[in-house]
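Only one structure is covered here, and it is reproduced in the block below.
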Amino acid sequence: MKRSVLVLCTGNSARSQMAEAIINHRRGDQWHAVSAGTAPAARVHPMALRALAEQGIVTEGSRPKRVSEFTGQAFDAVMTVCDDAAENCPVWVGQGQRVHVSFPDPARATGSDEEIFAVFRAVRDDIERRVLDTLDRL
């Protein structure tokens, strides 16, 4: 039976979006992922979409979602992906085993487009490794 995971962060524009897409792409036979934020951005960050597309991960229809869209739904796991040192992670009061895997926000990166995209790639690769390892252990 496929398990479900809710991935939370603040803006739901980069980290949680990348985690959702990576989980569904790489572990879609075992997990169904959705993501949300406490203060969703207006759109998914274009560099997050580009970083996923570079790996062949389809993101059509991706949009930032407010955590309240999932109120009352039960999840097997609820994963926060914010950087605790730099921001407040959202709290989920519903069902689901809570896990935290911290990543810096690539949307806060500075420099040239090339330098910023390098940060998105690094965070994407770190998300893929650490998030999938965490789910594999649950």
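Over the chain, DSSP H runs of length four or greater, each weighted -39,500 (n - 2.57), average out per residue to a 222 nm ellipticity of -10500 deg cm²/dmol.
According to the Kirkwood relation over distinct C-alpha pairs, the hydrodynamic radius of the stretch 1-47 is 10.7 Å. Figure legend: label point modelled 7 angstrom from the Cα of Asp126 along Cα→Cβ; residues of the stretch 49-80 with amide N under 16 Å from it are 80.
In the stretch 1-121, Cα pairs under 8 Å separated by at least six residues give a relative contact order of 29 percent.
Put in order of Cβ neighbour count within 10 Å, fewest first, the listed residues Met79, Met18, Met1 become Met1, Met79, Met18.
Throughout, read-outs are computed from the coordinates displayed, never taken from laboratory work. Remember, predicted model here, so these are calculated numbers, not experimental data. Cβ: placed from backbone, ideal geometry, glycine included. Neighbour counts: every protein chain shown.
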